[in-house]
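The values are calculated or read from the model by the stated rules, or taken from the named source; none is laboratory data. Model, not experiment: these values are computed from the prediction. Cβ placement follows ideal geometry from the backbone for every residue including glycine, while neighbour counts extend to all protein chains displayed. SASA here: full protein model, heavy atoms, side chains in, ligands and nucleic acids out. Shrake-Rupley method; radii C 1.70, N 1.55, O 1.52, S 1.80 Å.
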Amino acid sequence: MKIIVDSGSTKADWIFFDDNGKWMLSVSSLGLNPEVLTVDEFASRVMLLPDVKKYKEEVKQFYFYGSGCGSTRAKQIVYDFFENYFVNATYVEVREDTYAAVYATTSIGSQAIVCINGTGSNCSYFDGSQVHQAVESLGYLAMDDCSGSAFGRLMIRGYYLKMMPEDLRKAIALKYDLHPDVVKDHFYKKENPNAYLASFLPFLIQHKDHPYFQAMIVDQIQFFVDYYIKQFTEAARVPIHFIGSIGYFLQEEFSMVLKQNNLELGKIYQKPMDGLIEFHQQKI
């Protein structure tokens, strides 16, 4: 049996294959980001999955693609856990979520810039065989621009600093509990503050045509283009693919900004899993 996992900070998708490469089942769990979870929190989220526990002794190959797995330290945390958990696995591989996005959008031998814009964000260049990073991510506190967490932070700041127009302030206050104690509790005491910030994204999408949000969206995309995508000189000649809810639900805005910058828009997927399934079935 083989399992592949595509994990963001908010949610993880698990796909099980039998020994013949046939898709058996899929399950979802809370996100498994080693940079924002303790080892115990990480383990408890895996242990909550009955199907994973049921088949743990049958797993021979395990592939994990996850946000927060960009550093050697974080990769090792995930690798050590699953190598011990799947006691009969002969192969365990842990890669950052960039590789899931690359394998889903770009064929081996082709070149592209591949961006992930979900709860967090990153941008990589795929040269046909290897993934290259131009920016070392420092996570949601300092980076993750043009992501769900970045937009959530801007929305909360806009609400409290009264930069947000009154009609939007009233609407967002009806949908979310923005009492200071609630917000600070999510920031400093509860798990996954980045996922909490990203939970404001549906409101942004619902009201994205409002001039206030349009300006915010375009500004964030342009910033991402200037300081992430354009770090690669190859951006001027290769397609630029996007994975994640930000790109998926803001396709018109991404298309407009890339066109203004004379960049080629490639594929936009909300999730990379469909492409990953095909990629791994070919590897059986």
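Here are the numbers for the structure shown:
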read-out: One residue from A134, A150 being over 23 Å from H207 (Cβ atoms) and under 20 Å from the mean Cα position of the chain (by Cα); value: A134
read-out: Spans of strands (runs of 3 or more DSSP E) in segment 92-161 with at least 2 residues within 16 Å of K230 (Cα to Cα), in contact (Cβ under 8 Å) with a residue 60 or more places away in the chain and hydroxyl-bearing (S, T, Y); value: 121-126
read-out: Filter pass, K271 being within 26 Å of G128 (Cβ to Cβ), in contact with a His (Cβ under 8 Å, 6 or more places away or on another chain), in contact (Cβ under 8 Å) with a residue 24 or more places away in the chain and not polar (S, T, N, Q); value: no
read-out: D144, sole failed condition from (1) of a type outside the set (A, V, I, L, M, F, W, C); (2) open to solvent by less than 40 Å² (accessible area, probe 1.4 Å); (3) more than 14 Å from the chain's Cα centre (by Cα); value: (3)
read-out: Single residue of segment 227-244 satisfying the filter (open to solvent by less than 60 Å² (accessible area, probe 1.4 Å) and not aliphatic (A, V, I, L, M)) that is farthest from S124 (Cα to Cα); value: G244
read-out: Residues that are assigned to a helix (DSSP H, G or I) and either open to solvent by less than 50 Å² (accessible area, probe 1.4 Å) or among the basic types (K, R) (or both), drawn from segment 192-213; value: P193, N194, A195, Y196, L197, A198, L201, F203, L204, I205, Y212, F213
read-out: Candidates I268, I221, filtered to the one that is in a helix (DSSP H, G or I) and not aromatic (F, W, Y); value: I221
read-out: Any hit, segment 250-261, residues being under 26 Å from Y65 (Cβ atoms) and in contact (Cβ under 8 Å) with a residue 40 or more places away in the chain; value: yes
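This table checks each residue for (1) among the charged types (D, E, K, R); (2) touching a strand residue (DSSP E or B) at 6+ places or on another chain (Cβ under 8 Å); (3) modelled with pLDDT of 90 or more; (4) on the phi > 0 side of the Ramachandran plot.
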{"position": "E83", "(1), (2), (3), (4)": "yes, yes, yes, no"}
{"position": "A89", "(1), (2), (3), (4)": "no, yes, yes, no"}
{"position": "V92", "(1), (2), (3), (4)": "no, yes, yes, no"}
{"position": "D97", "(1), (2), (3), (4)": "yes, yes, no, no"}
{"position": "V102", "(1), (2), (3), (4)": "no, yes, yes, no"}
{"position": "V114", "(1), (2), (3), (4)": "no, yes, yes, no"}
{"position": "N117", "(1), (2), (3), (4)": "no, yes, yes, no"}
